[in-house]
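Below is one structure, written out as structure tokens, with a few remarks after it.
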Amino acid sequence: MAILTFSEDLLAVSQVDFSLVSLTAHSPQSALNQFSITDGPVTEFWQATMTIVPRTEANWRALRALLFRARSGQNVFRVHDPSSASYRGAGASSPTVNIAVSAVAGDETVTLKNLTASQAISLAADDKIGIGENLYSVMADSGSNVSGQTSVSILPALRLGVAVDDAVNLVKPTGLFRLMSKPSVVIVPGMISQPVQLELMEDPDVDA
């Protein structure tokens, strides 16, 4: 599996709509389950709709070549949410901070350190953070203490456990996504291309 990235030229002419979708295992009504549906555990994944409007023939050809390299979903794209490219709170002097307290996969709270100290809002609700190759959203405003630490509620739940000093990315945090649609990029020299819409589903990193 290869990890592909969109060039800044393509991202500059794109709009990305991120949503968090829940997938639930369930048992439909049957002879053995006549009156109800039994829901299983809920797993949450990022889903992204990316609309790209190539402005030049070079943009079109770069996009089409990139989609060829996706190999019908065999390879993944590293994608960030342009609307949350940077945090809205006070954050830190560096684009990365660190884990202060270890946590296990499935936890929905992480404790961060090396933030700017004594801030009312270090990270704001809907800010995005990246840990490893996984993308998370901040659920509520979180302020830092005098030591520059804060506990942050996140979704989805941690894909992997984290250890003290693990890096946490605050600027252009990314996740891994597979291409679910089969878009067509029509190249007509001398004309502006029609928008190209890509449907992407998160392929989280869960390998320890």
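The values are calculated or read from the model by the stated rules, or taken from the named source; none is laboratory data. Just so it is clear, the model here is predicted, and its values are computed rather than measured. Neighbour counts run over all protein chains shown; Cβ positions are idealised from the backbone, glycine included. Heavy atoms of the whole protein, side chains included, go into the accessibility calculation; ligands, DNA and RNA do not. Shrake-Rupley method; radii C 1.70, N 1.55, O 1.52, S 1.80 Å.
The table for this structure:
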| item | result |
| --- | --- |
| Rounded percent of accessible protein surface that carbon and sulfur make up, the chain, 1.4 Å probe | 51 percent |
| Selected from L66, V79, S94, residue furthest toward positive end of dipole (the range 56-106; charges at beta carbon) | L66 |
| Loop sites in the range 79-140: trypsin sites (Lys or Arg not before Pro), DSSP, at most 14 other Cβ within 10 Å | R88 |
| Helical contribution to [θ] at 222 nm, DSSP H n ≥ 4, -39,500 (n - 2.57), averaged over the chain, rounded to 500 | -2500 deg cm²/dmol |
| FRET efficiency, 1/(1 + (r/R0)^6) with R0 35 Å, evaluated for D17 and N145 via beta carbons | 0.50 |
| Mean accessible surface per residue for the range 53-208, computed with a 1.4 Å probe while every protein chain stays in place, in Å² | 48 Å² |
| Accessible-area ranking of K172, K182, largest first, probe 1.4 Å | K182, K172 |
| Cβ charges +1 (Lys, Arg) and -1 (Asp, Glu), total dipole of the chain, debye | 660 debye |
| Percentage of interatomic Cα-Cα distances in the range 44-104 larger than 18 Å | 62 percent |
| Gain on full stretching of the segment that runs from V101 to D9 - 0.36 nm per residue minus C-alpha separation | 29.3 nm |
| Semi-axes of the equivalent ellipsoid for the chain, Cα gyration tensor, largest first, Å | 32, 27, 14 |
